[in-house]
1. Bin width 5 Å, alpha-carbon pairs only: give the P(r) of segment 257-397 as whole percents, running from 0 to the bin holding the largest distance.
2. Ignoring ligands, DNA and RNA, please state the percent of accessible area on segment 120-230 from carbon and sulfur, probe 1.4 Å.
3. Averaged per residue, what accessible surface does segment 177-261 expose to a 1.4 Å probe, in Å²?
4. May I ask you to derive the relative contact order of segment 317-384, considering only C-alpha pairs under 8 Å and at least 6 residues apart, and to give it as an integer percent?
5. Local charge sum around H258 (other residues, Cβ-Cβ under 12 Å, Lys/Arg +1, Asp/Glu -1)?
6. Can you give the local net charge around G334? Use residues other than it whose beta-carbon is closer than 9 angstrom to its beta-carbon, Lys and Arg +1, Asp and Glu -1.
7. Tell me the net charge near G192. Cut-off is 15 Å between Cβ atoms, G192 excluded, with +1 for each Lys or Arg and -1 for each Asp or Glu.
8. Can you give me the P(r) profile for segment 125-245? Cα pairs, bins 5 angstrom wide beginning at 0, each as a whole percent.
Amino acid sequence: MVASTRDKQFTLNEDDIHESLLKLQNFDFDPVKDRDDSRYAGGGETAALVASKFKAAVNSIKDYKKGEAETIRRVLDEIDMVSVKRMSEGFNEFNFSMGVFNCLFITYMFGAHPEHLWLIYLVQGLYMIPRKFYNMWNAKPLNQALYYLDFCWCMNFTGIFVIGLLAILGLVHGDDRVSNVARESFYNALLGVACGTLMGANIALPFVACLFHDVNTMTGLFIHLMPPMVMYTFIWHSDAVRSAWPGIFHLTYMDEIHYFPKSGPIFAPGSGLDSVVGNSVVLYLLWWIPYVCFMLLIGIDLPKKLKYDGTPNNPKWDTVFHSTMRQGVCISIGRMLRGRSKRDSLKQMEENDFDLIDFFIYMTFHMIASVIAFYLIGYPCFKSQNFHLFMLVFVAW
C-alpha cells in the first residue's frame, strides 16, 4: 500500500491484495457455505456479504477511482477478518447471555471463593475442550483437529488430567497413592507454564479474545487465562484450598518451593529439578521434542496443496504451524531472516509449502519465547501477589 503525501493519490500493491485474500481464505470465508450454514443463526449471510463484496472490490480494483480506492485501502488496513467471521458464528441472545453469565460467575468465584476455582476449571474444561474439538474436526476447508497437539492445548490436557486424577483419588481416599514428591514436581512444572508461557500467550496471540457467544473463541481464552487464575489460587490462597479440599490437595510443600535452582537461574535442561523453572523446562521439552518429530515425519507435509512432483494434492489436515505461517509469520521470517521476497512468501502461504528452515526458525523462537516467559512473567507472579493479580487484570482487559 503506497500513498503520495502530496496529492493523497492511493495505489494498492498487488502483493498486499494477495496477502489479504490469503488471510480471508485462512479464516474460512466461504460465501456459499456461510450463506447456507444454518448453525450461525443468520450471521452467515453477513460474513458471506463481506467476503463477496471484498473479493469483488479487489478483483476490479484497477477500475476504481480515487475515493473508492481509498475506501478499499481502509478495508485492507483496518478490517479485522477474524472478528467479522467470529462475530457471525452462533450469535443469539441465549449464547451471548450464557457467555456473559459464565464470565461473571468465574470472576465472582475467583474473588469470593478462590478455593473452588480449580473445580470450575475442571468441569468447564471437560465440556468446552471437547465441544471445540467437534467444531475443529468439522472445520473447512481443512480439518483442524491437529491443533490440539499445540503446546497450550497439551498443557491444559496435562493440567486437567492431573487435577482430575487427584480429585478422583481424594474422593475414594486413595490420595496416598501419589507421593508428595510427585505432587510437588507437577505443581512446580504447571506453575511455571501457567504463569509464564500461558500468561504471556494472552498478550502475544491475536486469537485469544473474548466473544461471549462463540464457544470456539471463548475456549481459546479459557485455556490461556484459566490456568494462571487457578494457579493464583494455589499460590496465594493455598491454606484455603487445603482446608476446603484436604484429601485432594496436600500443598504441604509450599514453604519449600524455590522458583530457581539452588545453583542459580542459569542451568542445563534436565537439571534444576528442585525448582519451578527446572521442572517447567522439562515439561516444555517433553512436548517440544515429540512435536518436532511429528512435524518432521508427517505434519509439515499434511496441508500442502502440491505434491513433490508438482501434481495437485488433496490435503485434509491443518496444523497450528501452517495456520500461524499463513497469518503473516512466513512473510516476517522471509523478510528478516531468509532474504525472501514477499511474493515468494505469499506463494508459500498459498500452497501451504514451508521448508524445514522456516519450521526450525519457528520452533526455535517458540522455545525462546516460552523460556523467557518463565523468567520475565512467571517469576514475578511467583514472588508478588500484586503483580500476579495485575497481570490477570491486564490480559483480561
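The values are calculated or read from the model by the stated rules, or taken from the named source; none is laboratory data. Because the structure is a prediction, the values reported are computed rather than measured. Glycine also receives a Cβ, built like all others from the backbone with ideal geometry; neighbour counts cover every protein chain displayed. Calculation scope for accessible area: heavy atoms of the full protein, side chains included, ligands and nucleic acids excluded. Shrake-Rupley method; radii C 1.70, N 1.55, O 1.52, S 1.80 Å.
1. Bin by bin from 0 Å, the calculated values are 2, 8, 15, 15, 14, 13, 12, 10, 6, 3, 1, 0.
2. Numbers: 3170 of 4540 Å².
Carbon with sulfur: 70 percent of the solvent-accessible area.
3. 37
4. Working: 24 pairs, mean separation 18.8, N = 68.
Computed value for segment 317-384: 28 percent relative contact order.
5. Details: positive: K262, K383; negative: E184, D255, E256, D274.
Summing Lys/Arg as +1 and Asp/Glu as -1 gives -2.
6. Values: positive: R335, R338, R340, K342; negative: D344, D358.
Around G334, the surrounding residues sum to +2.
7. Numbers: positive: K383; negative: E184, D274.
Charge balance in the 15 Å sphere: -1.
8. 2, 10, 17, 22, 19, 13, 9, 5, 2, 0, 0
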